[in-house]
Amino acid sequence: MSSDHEPLLQQEETHSLLKLTRWFLKFAMLFVLIVWISFLFLLPSESVSQLSENYVDATSESVFWVTGNMFLYGGPIFIIAFLGILYLRISGDQEFQEKKKPKNASFRLWTFPVIVDGPFGVVTAAELVVILIVVVYLIWAVSVYAVQNYNLIPYYESQGKRNVMLKHTGLRFGSIGLICLVFLFLPVARGSILLRLTNIPFEHAIRYHVWLGHLTMTLFTLHGLCYFYSWILEDRVIHQVLDWKNYKIANLPGVISLSAGLLMWVTSLPPVRRINFELFFYTHQLYIVFVVFFAMHVGDVLFSTIAAGLFLYMLDRFLQFVQSRKTVDVLSAKCLPSGTLELVISKPQDLQYNALSWVFLQVRDISRLQWHPFSVSSCPLSGDHHVSILIKVLGNWTNKLKGHVLSANKEDRTEVDALIRPNLKLQASVEGPYGHESPYHLMYENLVLVAGGIGISPFVAILSDILHRVKDSKPCMPRNVTIIWAVKTSEELPLLHLLDLNSMCPNFYKRLNLEIQTYVTQESEPPLEEGDLQKYISPCDFSSPSRSSMSRLVGTGNIMWAGAYVVVPAIGLFVSLTPLNVLYIIPYNVSYRWYKGLLLLICMVTSVIIFGGLVIGLWSRKTTSNENSQDEKKRNGIQHTESTSQKTSSDESCIKTIKYGQRPDMKEVFGNIASRWGNVDIGVIVCGPSTLRTSVAEECRSKNFGRKCNSPIFHFNSHSFDL
């Protein structure tokens, strides 16, 4: 008997040890973050600023060059990333499997919408707390610096009071902007370990980049205006603008960097971006000019302040570049009359993603420069060797893609039955998949999915994922699912209503209560033609076994390789700085400030290419051997998505209603749900236009604020691929 219990005891001990290790890593990361943020917050004070300057002076003059300053400001980022790799490796799927149903509904800061309409869009309570901290920091820093500037006036009285205040105020705005720049690049690293650790998907993180970008450019613009006005007072504008000092701050690189930043800023404003996305996209590539001349403007010591976040971004960009070099076969394509394309793309069997993932797509026959994000409409359990995406035909690029599909075979073809034939070979480049580290749609027992138009795409994947998990008895919490879908015309209905739910999971209605409410807003009654909705789908489909599938080289892929890709180049960067200083800077008496800043940037780029390239080479070699072993399985195992042409035959499987000539009344919908489901946590996921997100968030906030003891709590989650 004792021998039978030994394995169980060992499992319990291992489980307890892993749980304790996870808690320790969590505490360590939180401690490092709090200490680091506190240091940055207190940096404007004279005592902390003086300590920082003494430390930087002592380390930068040593053989270690800027390693000390880089570690002071960016070291915590690397430490959290390294600990995060261990945490993610240890956790795996355990946290999701251990999730238990709570006894009572409870509020969560990150899913509680507080502000639903304003310049920031929908803002949750957690986001509001961070915004308030930033505002408090700005008020504190500006106030402290203003007092310090005023105290400096007697020492520079000969230069004029106004001139002294302008220059020092400009300097302070630049210092605050530098701190903002420390964080600016972190949210835009799509496959970043930090985003995986915090479970923040890139489409959410991009909002934080936008907010930080506005703040950073406002501060740098004020920085430049203060100096420019002081030069006007001195009547030395041209001289100062063209000035390029070797041992102090070089003005001309700063002017060039600020000009590039202003161009990016102006073209990224919503009115400009909506009218001409290509202008925004191409202008934003000026970030290279911005970074290079910024490094020369501030010099090596100050540039090392932002090096950590920038380095992680450079690593991510390099990995994207490598992944995107591979062309991927499009296995099939369908063209629907609603103006929607469905593409099925080949992928390796062990490339993991979840039902809320999305990819960046490039079709070189259309454009070699443009990349567009699309949500995945297939689920990981529906096929090992493919991933499907739905594309709404709206702009130039998507219209060209549709034309490319329709041109496959023009003989005896209509737009309705257009599809790719074997005589057409369509290839694309794919970056991703990206998205949440954990499938949060599986962590609510009660789900409300609200979609507008093509926003149903990720919910098709969610529904498929839930049904496959129920069928396979895999961890899956949802038991009540309500889908609210608003479309313009009935031509869009096949995107959801032709899913063969019983084929995915026979008798699923015994374990899952599913309700689908569809609203056709621009039609007052059903179409005159009778018959099923099958006519909207192309009657046949093309597929062929392909050897060219998506690359596994993605930051959201295997955690060990993704972690090694961060750790090895980071260590390589820190190690390479000292030899560069000892073998080149000191012997050759390199003292030009702008040149040393450029050297640091070159060293960062070189570390990414050499050390990052080394890891990528080993990673690629490993994945290539796996691909070869899976080729035969792929040829025999390629399946397609469940966008099948068979209509659900059983009316008892779920409740389906289609209402014409009206929009969903969110107050009524959420009120009915609240009265039926009671005191539970309800996960609300919305995907659609900003007006829809706002109305859903407003109703969630209203219900939560006016909640009674036996009422549910609505947890707001937004899914968007409109970047």
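Values computed for the structure shown
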item: Accessible-area composition of the chain, carbon plus sulfur, in percent [1.4 Å probe]; result: 60
item: Accessible area, probe 1.4 Å, largest first, for residues Phe39, Phe202; result: Phe39, Phe202
item: Ranked order, Ile238, Ile206 - accessible area, probe 1.4 Å, largest first; result: Ile238, Ile206
item: C-alpha long axis of helix 67-91 to longest principal axis of the chain, angle in °; result: 20
item: Euclidean distance of C-alpha centroids, the stretch 256-278 and the stretch 104-137, integer Å; result: 27
item: Relative contact order [Cα under 8 Å, 6+ residues apart], the chain, whole percent; result: 17
item: Within the chain, helix-based [θ] at 222 nm, where runs of 4 or more DSSP H residues each add -39,500 (n - 2.57), nearest 500; result: -17000 deg cm²/dmol
item: Accessible area (Å², 1.4 Å probe, nearest 10) - Val298; result: 10
item: Selection from Val363, Leu351, Ala307 lying farthest towards where the dipole of the stretch 289-392 points positive, charges on Cβ; result: Val363
item: Too-long pairs where the Cα-Cα distance tops 20 Å, listed order kept, from Lys326/Lys402; Lys402/Lys656; Lys510/Lys659; Lys488/Lys656; Lys471/Lys510; Lys667/Lys703; result: Lys326/Lys402; Lys402/Lys656; Lys510/Lys659
item: Relative packing of 613-619, 185-191, which averages over residues the other C-beta atoms within 10 Å, highest first; result: 185-191, 613-619
item: Rounded, prolate or oblate (a/c below 1.5 giving rounded, otherwise prolate when a/b exceeds b/c) for the stretch 102-147 by Cα gyration tensor; result: oblate
item: Charge dipole of the chain about the Cα centre (unit charges at C-beta), most positive-ward option of Asn480, Leu501, Tyr434; result: Tyr434
item: Correct choice for mean projected area of the Cα convex hull in nm² that was computed from the model, options (i) 38.0; (ii) 34.6; (iii) 42.5; result: (i)
item: On Cα atoms only, tilt of 593-607 relative to the major axis of the chain in degrees; result: 30
item: Length-normalised contact order for the stretch 172-248 - Cα pairs under 8 Å, 6+ apart - percent; result: 35
item: On Cα atoms only, tilt of 666-677 relative to the major axis of the chain in degrees; result: 70
item: Accessible area, probe 1.4 Å, largest first, for residues Lys347, Lys488, Lys703; result: Lys488, Lys703, Lys347
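The values are calculated or read from the model by the stated rules, or taken from the named source; none is laboratory data. Owing to the predicted nature of the structure, the values given are computational and were not obtained by experimental measurement. Counting neighbours? That spans all protein chains shown, and the Cβs are built from the backbone with ideal geometry, glycine included. Areas reflect the complete protein model, heavy atoms only, side chains present, ligands, DNA and RNA absent. Shrake-Rupley method; radii C 1.70, N 1.55, O 1.52, S 1.80 Å.
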